[in-house]
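The values are calculated or read from the model by the stated rules, or taken from the named source; none is laboratory data. Small disclaimer: the values here were computed from a predicted structure and weren't measured. We place every Cβ from the backbone using ideal geometry, glycine too, and count neighbours over all the protein chains shown.
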Amino acid sequence: MIFPVGSLAPIGEGGTITQLVADMRRFQVLAFTVIVAGLLVGCDQLGIDTPEKVAQRKGAEAKAVGAACRHAMRAIEDCYLLNPKADKSAVFEGWREMDEYMRENKIEGVAPVVPRTGVPLKPPAKAAASDALPEDDVGVASGAKQGGGE
């Protein structure tokens, strides 16, 4: 005796073929739904990241970059220049936390072995020119008005 899904009557005892087909169709839809739901539950294991996870990961990476820059005795500005894609607030947070940790535990920084490449250096002539202004241009450089009566 064959019992169709959803009915108590066996085929041949009041059950019709159309009922059997309808019951089988419902069973297939239910089975498909269960399988798809099971696959969607495992999305985390497939490596599909949500935007929140991506943002968390990028923030953690930027924080680690900041901590590494502080440990390597790099200025925060150099760290920003070396890592332009990193979130500046997270880089600063990591740099600051590492600075506090190093001060509390009296840890000396490690001098970077790799030279700074790709960091645009400020031209020394420009910095020297602003430091060595002639005396008659000092008022202009400090923001004093020229012409007196305007």
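Some observations on this one:
- Total residues in the stretch 87-107 satisfying the condition of being of a type in the set (Lys, Arg) and under 20 Å from ALA55 (Cα atoms): the figure is 1.
- Subset of the stretch 75-115 [in a loop (DSSP other than H, G, I, E, B), in contact with a Gly (Cβ under 9 Å, 6 or more places away or on another chain) and not acidic (Asp, Glu)]: ASN83, ALA86
- Check on THR33, at pLDDT 85 or above, among the polar types (S, T, N, Q), assigned to a helix (DSSP H, G or I) and more than 28 Å from VAL110 (Cα to Cα): yes
- Residue identified as on the phi > 0 side of the Ramachandran plot and either crowded, with 18+ Cβ neighbours inside 10 Å or not basic (Lys, Arg) (or both) among GLY47, GLY66: GLY47
- Among the residues of the stretch 58-74, some residue qualifies, meaning at least one is of a type in the set (A, V, I, L, M, F, W, C), assigned to a loop (DSSP other than H, G, I, E, B) and within 18 Å of ILE107 (Cβ to Cβ).
- Filtering the stretch 1-30 to residues that are among the hydroxyl-bearing types (Ser, Thr, Tyr) and either in a helix (DSSP H, G or I) or modelled with pLDDT of 65 or more (or both) leaves THR16, THR18.
- Test result for VAL91, surrounded by 17 or more Cβ atoms within 10 Å (Cβ to Cβ) and among the β-branched types (Val, Ile, Thr): yes
- Residues in the stretch 50-63 that are surrounded by fewer than 16 Cβ atoms within 10 Å (Cβ to Cβ) and not β-branched (Val, Ile, Thr): PRO51, GLU52, LYS53, ALA55, GLN56, ARG57, LYS58, ALA60.
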